[in-house]
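S.K.: The structure follows.
The values are calculated or read from the model by the stated rules, or taken from the named source; none is laboratory data. Because the structure is predicted, anything quoted here is derived from the model rather than measured. Cβ atoms come from the backbone with ideal geometry, glycine included; neighbour counts cover every protein chain shown.
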Amino acid sequence: MLGEGRNWWNFASSDYHNHWSTNGSDFWPGEYQKNYIYVDTSNRDRLEAIFAGVRSGASWHVEGDLIDKLEFTVQGRGPGKAMMGQTLRVKRGERVKVKIRVHDPVGTNHCPLDMDNPSLEQIGRQVPLNRPVLDHIDLIAGDVTGYVEPPENFESCPDADTRELDTDIDYCKETNESTHVAATFERFSGPFNRSAWAKRHGYLTYVYSFRVEQDMYLRLRGTNLPANVPKETDAEGNPLADSQASAAIYDALPDLTNYLLPGQTPESTSKLDEVAEAYADLWFYSNPIFIDVIND
């Protein structure tokens with residue numbers, strides 16, 4: 001969708017049926033996943049402002065309160081800049097500057113367990129589940145090629161049920177083959193993040209510049225997991241299927257009832273392994289910024 005230049009925004013789900021504490025598999029809306037929406041505060045109709053913000057794409061979402069603030073902009077030679085959901089127009093070969101600023105919150109999230117992250121313990125890191133630490137941010141880039149014409153006969157597309165998805169038909173491809181990680185920013189990398197103030201207050205700033213040669217989009221993802229965490233991330237830092245960690249780590253955990261924080265009295269503790277797994281593997285995702293090349 002983004003490769004066609006479509007305004008395709010992503011959001012965290014607030015779907016809820018039964019809470020984990022009553023033997024369900026859900027968190028309360030906003031307990032584990034949150035959407036952050038930029039809104040026009042000058043609009044006196046607050047509900048209208050929120051819906052306009054949702055439609056604009058000026059938003060991002062996060063799991064487990066990994067971060068609680070995000071500024072993501074791209075600027076060319078001129079004074080104008082674009083934020084999430086917007087488009088920056090530049091000349092071919094023009095250098096643009098990407099600026100990312102996040103806040104890693106001080107304090108705890110809503111994890112009910114007093115224990116270290118089992119996934120990170122595999123690589124020798126002791127980090128409490130309820131105090132996650134941002135490990136890195138990936139800047140993801142992809143080409144925008146425009147509308148892709150559907151085939152005359154959809155039976156020529158691969159069978160998704162068999163997962164045999166190799167195809168030469170652009171419309172039938174599941175991914176944008178140009179998409180790649182353009183840059184990775186480790187937690188304290190860069191001159192802005194080594195100061196005592198930055199480390200004490202949790203604000204992290206990253207700047208990246210490059211020349212634009214064609215229409216494209218940029219988006220962000222960040223996580224508490226480095227690359228090559230067994231059963232969690234691959235060598236490039238991409239997330240692996242949750243089922244791998246479930247089977248290898250979390251299904252085999254001992255009874256976690258004794259790890260409940262004071263004041264936590266769930267009716268059922270049968271889903272605590274799923275709760276631990278959810279809080280061990282945290283991500284945030286931004287919506288994209290588009291860059292259009294203006295031909296002279």
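S.K.: Where in the stretch 24-104 are the strands (runs of 3 or more DSSP E), entirely inside, with at least 1 residues that are closer than 20 Å to Ala183 by Cα?
M.R.: Hits in the stretch 24-104: 59-63, 69-75, 81-83, 87-91, 95-103.
S.K.: Can you pull out the residues in the stretch 24-40 that are at pLDDT 95 or above and of a type in the set (S, T, N, Q)?
M.R.: Gln33, Asn35
Conditions tested, residue by residue: (1) more than 30 Å from Asp215 (Cβ to Cβ); (2) touching a strand residue (DSSP E or B) at 6+ places or on another chain (Cβ under 9 Å); (3) not charged (D, E, K, R).
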site	(1), (2), (3)
Gly5	no, yes, yes
Ala12	no, yes, yes
His17	yes, yes, yes
Thr22	yes, no, yes
Asn35	no, yes, yes
Ile50	yes, yes, yes
Leu66	yes, yes, yes
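S.K.: Cβ-Cβ distance below 8 Å, separation of 6 or more or different chains: which pairs start in the stretch 102-119 with a residue that is over 26 Å from Ser189 (Cα atoms) and end on one that is β-branched (Val, Ile, Thr)?
M.R.: Cys111/Val275; Pro112/Val275; Leu113/Val275
S.K.: Enumerate the pairs (first residue in the stretch 202-224 and in contact (Cβ under 8 Å) with a residue 40 or more places away in the chain; second residue anywhere and of a type in the set (Lys, Arg) and surrounded by fewer than 22 Cβ atoms within 10 Å (Cβ to Cβ)) with beta-carbon separation below 6 Å, excluding pairs fewer than 6 apart on the same chain, so at least 6 apart or on different chains.
M.R.: Thr205/Arg101; Val207/Lys99; Ser209/Arg95; Ser209/Lys97; Arg211/Arg95
S.K.: Looking at Ala52, is it farther than 30 Å from Tyr171 by Cβ, surrounded by 14 or more Cβ atoms within 10 Å (Cβ to Cβ) and of a type in the set (A, V, I, L, M)?
M.R.: Against the criterion (farther than 30 Å from Tyr171 by Cβ, surrounded by 14 or more Cβ atoms within 10 Å (Cβ to Cβ) and of a type in the set (A, V, I, L, M)), Ala52 qualifies.
S.K.: Let me ask another. I'm checking my understanding of the structure. Among residues of the stretch 265-283 that are surrounded by fewer than 17 Cβ atoms within 10 Å (Cβ to Cβ) and not hydrophobic (A, V, I, L, M, F, W, C), which one is farthest from Thr22 (Cα to Cα)?
M.R.: So the residue we want is Glu274.
S.K.: Then there is this: Go through the stretch 180-228 and give me each residue that's part of a loop (DSSP other than H, G, I, E, B), modelled with pLDDT of 95 or more and farther than 16 Å from Ile137 by Cα.
M.R.: Val212, Glu213, Gln214, Asp215 - these are the residues of the stretch 180-228 that are part of a loop (DSSP other than H, G, I, E, B), modelled with pLDDT of 95 or more and farther than 16 Å from Ile137 by Cα.
S.K.: Follow-up. Filter the stretch 253-276 down to residues that are touching a residue at least 40 places away in the same chain (Cβ under 8 Å), in a loop (DSSP other than H, G, I, E, B) and either out of contact with any Leu (no Cβ under 9 Å at 6 or more places or on another chain) or of a type in the set (Ser, Thr, Tyr) (or both), then give me how many there are.
M.R.: Residues that pass the stated criteria total 4.
S.K.: Let me ask you something else. Quick one: in the stretch 4-46, of everything that is among the β-branched types (Val, Ile, Thr) and more than 23 Å from the chain's Cα centre (by Cα), which residue is surrounded by the fewest Cβ atoms within 10 Å (Cβ to Cβ)?
M.R.: Filtering first and then ranking leaves Thr41.
S.K.: Against the condition closer than 30 Å to Lys271 by Cβ and modelled with pLDDT under 95, how does Ser21 come out, does it pass?
M.R.: Answer is no for this residue.
S.K.: So Asp138 ticks every box in (1) of a type outside the set (S, T, N, Q); (2) modelled with pLDDT of 95 or more; (3) farther than 23 Å from Glu274 by Cβ; (4) more than 19 Å from the chain's Cα centre (by Cα) but one. Which box is left unticked?
M.R.: Answer for Asp138: the failing condition is (4).
S.K.: When both residues are 6+ apart or on different chains and their Cβ atoms are under 7 Å apart, which pairs have a first residue that lies in the stretch 1-30 and is among the acidic types (Asp, Glu), and a second that is surrounded by 15 or more Cβ atoms within 10 Å (Cβ to Cβ) and assigned to a strand (DSSP E or B)?
M.R.: Correct list of pairs: Asp26/His19.
S.K.: Still on this structure, I have one more. Being assigned to a loop (DSSP other than H, G, I, E, B), at pLDDT 95 or above, more than 30 Å from Trp28 (Cβ to Cβ) and not aliphatic (A, V, I, L, M) narrows it down to one of Gly146, Gly124, so name that one.
M.R.: On inspection, the qualifying residue turns out to be Gly124.
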